[in-house]
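The next block holds one structure in the form of structure tokens; read it before the comments.
The values are calculated or read from the model by the stated rules, or taken from the named source; none is laboratory data. As the structure is a computational prediction, the values presented were derived from the model and not from experiment. All Cβ positions, glycine included, derive from the backbone under ideal geometry; neighbour counts span all protein chains shown.
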């Protein structure tokens with residue numbers, strides 16, 4: 001790509017700008033200046049550290065024998081991971097909530113919109129690098145931006161990062177429209193939207209963190225979504241729901257969705273008789289179903 005050296009500086013500037021937006025949002029909501037400054041700062045620091053640690057651990061089998069533990073402290077353009085950034089940022093804000101004893105989810109709900117903006121802009125910044133791309137474009141009719149991007153050799157590849165930015169935009173619209181929902185809902189559902197979009201985008205990416213057949217960020221997204229489902233079911237159980245009924249009505253459909261996603265990923269890799277676009281359409285349908293399930297569970301919390 002023409003400007004790979006710009007990616008990391010752009011990412012850091014985007015992060016700083018989103019932290020300022022987050023701090024302003026916290027101030028508007030009546031939080032003290034200390035909280036309004038500490039939460040964004042810790043989200044930035046732990047998000048950056050988490051992004052690097054996540055990537056390093058995912059590639060430890062290669063990086064440790066080649067470069068040793070010193071590789072953990074390097075910061076190459078392609079050495080940060082979405083899952084670690086999300087985990088670190090959320091952990092940082094949660095720690096501030098606990099340390100300053102704010103209302104539960106007050107800071108995390110305020111993080112939803114700036115966090116979605118961060119994901120959106122970070123994906124757009126992947127225009128300068130090659131790891132946000134998908135398959136090679138075989139038809140000249142599809143060789144145009146924003147559907148595809150051209151590399152320095154005149155080859156065109158699908159711009160998966162633009163799809164990811166679009167999906168982050170959907171999450172942002174939800175976060176902006178749902179600010180007055182019950183505590184925790186806007187944070188959890190914005191996070192769920194980002195994760196559901198990530199499952200599809202990871203499948204489309206040509207370059208992806210992998211453990212053999214498993215795409216690491218798809219696994220991460222499913223595990224976090226599973227945690228959201230389990231926490232909702234635990235709340236329903238505390239309100240008097242029967243665990244077997246809850247598991248059959250909500251847990252089983254979620255597991256069926258996960259099984260279908262695994263089957264579709266396997267088919268994309270091994271089943272050449274079916275067109276990939278049909279399989280991706282099926283994957284999108286499964287993800288929509290899982291999203292509807294998570295939304296209905298979230299609404300039932302109240």
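Put simply, of 113, 135 the only residue that is touching a residue at least 12 places away in the same chain (Cβ under 8 Å) and touching a strand residue (DSSP E or B) at 6+ places or on another chain (Cβ under 8 Å) is 135. For residues that are assigned to a helix (DSSP H, G or I) and in contact (Cβ under 8 Å) with a residue 24 or more places away in the chain, scanning just segment 18-36, find the one that is surrounded by the fewest Cβ atoms within 10 Å (Cβ to Cβ). My answer is 34.
Inspection of segment 77-87 finds a residue satisfying the criterion of being surrounded by fewer than 21 Cβ atoms within 10 Å (Cβ to Cβ), under 19 Å from the mean Cα position of the chain (by Cα), in contact (Cβ under 8 Å) with a residue 12 or more places away in the chain and assigned to a helix (DSSP H, G or I).
Among residues belonging to segment 129-162 that are part of a helix (DSSP H, G or I) and more than 20 Å from the chain's Cα centre (by Cα), point out the one that is nearest to residue 189 (Cα to Cα). Steps first, please.
Quick first cut of segment 129-162, residues part of a helix (DSSP H, G or I) only: 140-142, 160-162.
Filter again for more than 20 Å from the chain's Cα centre (by Cα), leaving 140-142.
Values: 140: 39, 141: 37, 142: 34 Å.
Among those residues, the one meeting the criterion is 142.
The condition (being more than 18 Å from the chain's Cα centre (by Cα), in a helix (DSSP H, G or I) and over 20 Å from residue 132 (Cα atoms)) is satisfied by just one residue among 71, 49: 71.
Of all the criteria given as (1) over 30 Å from residue 29 (Cβ atoms); (2) modelled with pLDDT of 95 or more, the one not satisfied by residue 144 is (2).
Whether a residue is touching a residue at least 60 places away in the same chain (Cβ under 8 Å) and touching a helix residue (DSSP H, G or I) at 6+ places or on another chain (Cβ under 8 Å) was assessed, and residue 287 passes this test. Restricting 125, 99, 116, 39 to those that are in a helix (DSSP H, G or I) and surrounded by fewer than 18 Cβ atoms within 10 Å (Cβ to Cβ) reduces the list to 99.
Test residue 211 against the criterion of being more than 29 Å from residue 80 (Cα to Cα) and either under 24 Å from the mean Cα position of the chain (by Cα) or loosely packed, with under 12 Cβ neighbours inside 10 Å (or both), and give yes or no. It is false that residue 211 is more than 29 Å from residue 80 (Cα to Cα) and either under 24 Å from the mean Cα position of the chain (by Cα) or loosely packed, with under 12 Cβ neighbours inside 10 Å (or both). Note on segment 203-276: enclosed helices (runs of 4 or more DSSP H) holding 3 or more residues that are within 16 Å of residue 192 (Cβ to Cβ) and out of contact with any helix residue (DSSP H, G or I) (no Cβ under 8 Å at 6 or more places or on another chain) are 216-238. Return a yes/no flag: does segment 214-224 have any residue that is within 21 Å of residue 133 (Cα to Cα), at pLDDT below 95 and over 16 Å from the mean Cα position of the chain (by Cα). Checked segment 214-224: at least one residue is within 21 Å of residue 133 (Cα to Cα), at pLDDT below 95 and over 16 Å from the mean Cα position of the chain (by Cα).
Yes or no, residue by residue, for (1) out of contact with any strand residue (DSSP E or B) (no Cβ under 8 Å at 6 or more places or on another chain); (2) crowded, with 17+ Cβ neighbours inside 10 Å; (3) without any contact (Cβ under 8 Å) to a residue 12 or more places away in the chain:
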position: 218; (1), (2), (3): yes, yes, no
position: 225; (1), (2), (3): yes, yes, no
position: 234; (1), (2), (3): yes, no, yes
position: 256; (1), (2), (3): yes, no, yes
position: 261; (1), (2), (3): yes, yes, no
position: 265; (1), (2), (3): no, yes, no
position: 269; (1), (2), (3): yes, no, no
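Within segment 139-166, restricting attention to residues that are without any contact (Cβ under 8 Å) to a residue 12 or more places away in the chain and touching a strand residue (DSSP E or B) at 6+ places or on another chain (Cβ under 9 Å), which residue is surrounded by the most Cβ atoms within 10 Å (Cβ to Cβ)? Going through the qualifying residues, I end up with 148.
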